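Heads up: the structure comes next, in structure tokens.
We did not get these values from a lab; they are worked out from the coordinates using the rules stated. Quantities reported herein were computed from a predicted structural model and do not represent experimental measurements. Virtual Cβ from ideal backbone geometry, glycine too; neighbours counted across all protein chains shown.
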């Protein structure tokens, strides 16, 4: 298509095949230069992504550490409830029977414990940023 668009630049006194091959050679070089720049941008983008990934991995490691600390600070009944729900994968109905609470109360308790853990972790994250 590029050759066809540039046909008006062709000098009919010269051999067409030589002109066309020269044109193609120039276009290929132009394409390769652009591709090389794109590849450099791609390498730079990959480097930036790796830096971000390392930063996020570090943050996730911190959060995991804070979660463990915050979990350990919970009252024993709350830890048991979370352990039963998440680790042992007991249904809420079973946890309700074990704790003597209604199903709704267990759901509400889980919600409050998760919120408390979230608040604890966020508080620790803010302290490390300061």
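A few remarks follow.
- Normalised by the number of residues in the stretch 15-129, the mean separation of alpha-carbon contacts (under 8 Å, six or more apart) gives a relative contact order of 24 percent.
- Pairwise FRET efficiency - residue 97 versus residue 50, Cβ, R0 = 30 Å, nearest 0.05: 0.05
- Prolate is the label for the stretch 13-56, because a/c, from the alpha-carbon gyration tensor with a ≥ b ≥ c as root eigenvalues, is 1.5 or above and a/b exceeds b/c.
- Note on the stretch 3-81 and the stretch 96-129: Cα centroid distance 41 Å, given to the nearest whole angstrom.
- Candidate values [x] 1.03; [y] 1.54; [z] 1.28, label of the one derived for Rg/Rh (Cα atoms, Kirkwood Rh): [y]
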